[in-house]
Amino acid sequence: MSQRLGARAVLGGSAVLLVAAFAVGAVSGAYAISLSQLWNVLTSLGQGGSNQSPEHLVFLNIRLPRLVLGVAAGAGLGMAGTLMQGLFRNPLADPGLIGISSGAALAAGITIVLGAWFWPVLPRTLGSWTLVVMAFGGGFLVTLLIYGLSRSEGGTRMALMLLAGIAINALAGAGLGLLSVMATDEQLRSLQFWLLGSLGGARWSAVILVCVAVFLSCWAAASLASPLNAIALGEAQAALLGVDVERTKRRAIVITAVAVGAVTATTGIIGFIGLIAPHWVRMVAGPDHRIVLPASALLGAALVLAADTVARTVMAPAELPLGVLTAFIGVPMFLLMLRHFRGRI
Amino acid sequence: MTDHHDSLLLPSARRRDVLRVLSASALGAAAWPAFAQDKRLPRLVTVSGAITEVVYILGAEGQLVGTDTTSLYPAAARGTPKVGYMRQLSAEGLLSLKPDAIIATNESGPTVVLDQIRTAGVKVEIIEADHTWGEVQRKVQAVGRAAAKEAQARELQGRLDAEWAQVQQRVGAAKGRKPKVLFVLSHSASPQVSGEKTAAHSVIGYAGGVNALGGFHGYRPMTAEAMASAAPDIILTSTQSIEAHGGIDRFWERPELALTPAYKKRALITQDALLLLGFGPRLPAAIGELHDKFQAALA
């Protein structure tokens, strides 16, 4: 009963945190927008938006898409982290484990450093979408590769997948190292900042695409909650309970690749959200995926929004890379909790 | 500081250049009708040290509301609000300074952020950085246009063009072998050398030397065998690199350098990184100084 109560509290609490983080993010930023100006912007939305004050432009074209991207990115990463931890039955699993982030990073690196040389046609046809499309494709391809490598007669073996993931991640790291040697100074800078993650490039067109990808992934992930609960007992037991384990694995991997691929391709690598959001939820609400999945998505979104608000205000008018902040905030908190809960893990 | 004051005393412009700048600024004025009407001077953000220098020479520093972290000269520019490194700009941060125009090179970014700033109604002037004298001219014109100081920009352009012609003539008149010069960049631990299509490559050529390294673009890590085969007569580096190494003696201790002809004569030339590679209004002075040092090192 108390577990059930805790679960509700966690869902509600995460939702409240997300709303609070969104509100704080909406009113803070390098560009000063007072509450009354913000009210004017919001109320004029219904009237066709004929009033194009600077505050109007900054809020609607820069801050709001960034907030929405933050919600989508955090929700996608939090949800995918839960899927991976459920699938690997390991609280330390992370979406990056199956190669999505490093695959996306490698593809982005190849595009930045060799793009003009390799595919003179591609940037002309895809324009500014080239990098996003390549990164998404890279993440997806590497995930498929790792999935393929982990197949054996009895189905997909998670230990194999983990090892293949480590190997392919290392290979992608080496590829990025090679690219950074070949890169010019400018390319190196774009590569480096891309690897550190940022919501700064939020444009409505890209934000809407990411939102659609994350929403569809979360919707599809909801149906995996019960199978994942069964898998928590062990794959053999899950099969005895009538769960199609292989199908669940496949779907979880595809969902993760779509959500994290879309997010990473737009924002670069935002670390530790997929690791800590589900972890926190599970510590309070227990392991039921019907609660952990939605709560991690909400909490992940709140965490990304909070970190991004700090990233864009603390050094204003300059900005900190978001990936640096999520690591600085996420890792110490994670370590503290490891110490606190060490008996229970 | 003395460098650019000297340059201000040089003879006035050639007619052709004046005409060209006049027509360019007429176009510029048409693009800025708002400032012709109200007398408020446009607020500027500059992204690139050399562009910031132009603002100060034109006396428009009062209009400067922000600069990037590469804007280190003159010293007063260090005190302006910093919008971050030139390749990692923040849209909202830039807009919070309420600029009327942002002047940057095409090395600035991210592109998306520049688009966002344009969408918010701020003029974004992008200058192509191709490491030529034309780049310096474009910077002067762009600042003059954006700062509503076209007349001053024309005057400066004339002075600089004359100064440039004089330096180029002096370099062209130099007799004898052109020295093979190797540029070493090392603001951090691992030194890099410059191939083609770099600011250093252009600067060496303008000052009457030959880049000892060709066959690749951009910067590469420095290796001993590459040093030996390049066989430079002179090593060129920035004063910042020497500082990073902890002094000239420590710099020469690098094993890669021991295989070069330059090592035997300890032929090392240093110049401030922004002066040397910035392609700003001090370029004629920097090239003249570099040329003299090349000649002295060969003698």
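Readers should treat all values here as calculations from the given coordinates under stated rules, not as data from a laboratory. Not measured: the values here are computed from a predicted model. Here the Cβ is made from the backbone with ideal geometry for all residues, glycine too, and neighbour counts use every protein chain on show.
Summarising the amide proton neighbourhood of B:Y219: residues at separation of 5 or more, or on other chains, whose placed amide H is nearer than 5 Å comprise A:D185, B:G195. Compare A:V281, A:V292, A:V243 in a GNM of chain A, Cα atoms joined below 10 Å, and give the one with the largest fluctuation. Checking each option, the largest mean-square fluctuation is seen for A:V243. Just tell me, in residue order, which DSSP H segments of chain A are both 24 angstrom or longer along the helix axis (alpha-carbon based) and at least 0.5 in mean Kyte-Doolittle hydropathy. Membrane-span-like by this rule: A:2-27, A:64-88, A:100-118, A:130-149, A:158-182, A:204-222, A:245-267, A:289-313, A:322-340. Which of the three applies to region A:243-291, rounded, prolate or oblate, going by the alpha-carbon gyration tensor with a ≥ b ≥ c and a/c under 1.5 meaning rounded? Here region A:243-291 falls in the oblate category. Against the main long axis of the alpha-carbon atoms of chain B, helix B:133-146 sits at an angle near 20°.
From the largest down, the protein assembly as shown spans 91, 65, 46 angstrom on the principal axes of its Cα atoms. Look at the dipole of region B:121-201 built from charges on Cβ: of B:G158, B:G134, B:S186, the Cα furthest out on the positive end belongs to B:S186.
Working from Cα pairs under 8 Å separated by at least six residues, relative contact order for chain A is 32 percent. Judged by the mean number of other Cβ atoms found within 10 Å, the most tightly packed of the peptides B:201-210, B:90-99, A:214-223 leads the ranking B:90-99, B:201-210, A:214-223. Can you tell me what percent of all Cα-Cα pairs in chain B are more than 26 Å apart? Percent of Cα pairs beyond 26 Å in chain B: 48.
Relative contact order, whole percent, for region A:107-242 stands at 21, derived from Cα pairs under 8 Å and 6 or more residues apart.
For each pair in B:K98/B:K197; B:K82/B:K149; B:K175/B:K197; B:K123/B:K197; B:K98/B:K139, compute the distance between the two Cα atoms and list the pairs where it is over 32 Å. The pairs that break the limit, which is 32 Å between Cα atoms, are B:K98/B:K197.
Sorting the segments B:258-270, A:135-147 by their residues' average number of neighbouring beta-carbon atoms within 10 angstrom, most packed first, yields A:135-147, B:258-270.
Taking every residue in A:309-321 and counting other chain Cβ atoms within 10 Å of its Cβ, the average works out to 5. A Gaussian network model of chain A, with springs between Cα atoms under 10 Å, assigns the largest mean-square fluctuation among A:G173, A:G25, A:G70 to A:G173. Name the shape class, rounded, prolate or oblate, that the alpha-carbon gyration tensor gives for chain A, where a ≥ b ≥ c are the square roots of its eigenvalues, rounded holds for a/c under 1.5, and otherwise prolate holds if a/b is larger than b/c and oblate otherwise. Note, shape of chain A comes out oblate. Applying 1/(1 + (r/R0)^6) with R0 = 51 Å to the Cβ-Cβ distance of A:S226 and A:L336 gives a FRET efficiency near 0.95. Per-residue mean of foreign Cβ neighbours for B:80-89 is 5 (Cβ atoms of other chains, 10 Å radius). For chain A, modelled as a GNM whose springs connect Cα atoms under 10 angstrom apart, the maximal fluctuation among A:L17, A:L57, A:L160 occurs at A:L57. Neighbouring Cβ atoms from other chains, within 10 Å of the Cβ of residues in A:26-35, number 3 on average. Here region B:200-299 is described by how far its Cα atoms reach on the three principal axes: 36, 31, 29 Å, from widest to narrowest. In a reduced charge model with +1 at each Lys and Arg Cβ and -1 at each Asp and Glu Cβ, the protein assembly as shown shows a dipole moment near 560 debye about its Cα centre. Placing pseudo-labels 7 Å out from each Cα toward the beta carbon at B:T132 and A:W117 gives an inter-label distance of 2.4 nm. Each peptide among B:279-287, B:139-147 gets the average number of other Cβ atoms lying within 10 Å of its residues, and from highest to lowest they stand as B:139-147, B:279-287.
Only one residue of A:A307, A:A105, A:N90 has its Cα farthest out toward the positive end of the dipole of the protein assembly as shown, where Lys and Arg carry +1 and Asp and Glu -1 on Cβ, and that residue is A:N90. Note on region A:237-292 and region B:200-254: Cα centroid distance 51 Å, given to the nearest whole angstrom. For chain B, what is the mean residue ellipticity at 222 nm derived from helices alone (per DSSP H run of n ≥ 4: -39500 (n - 2.57); sum divided by total residues; nearest 500 deg cm²/dmol)? Taking each H run of at least 4 residues, the total per residue is -14000 deg cm²/dmol.
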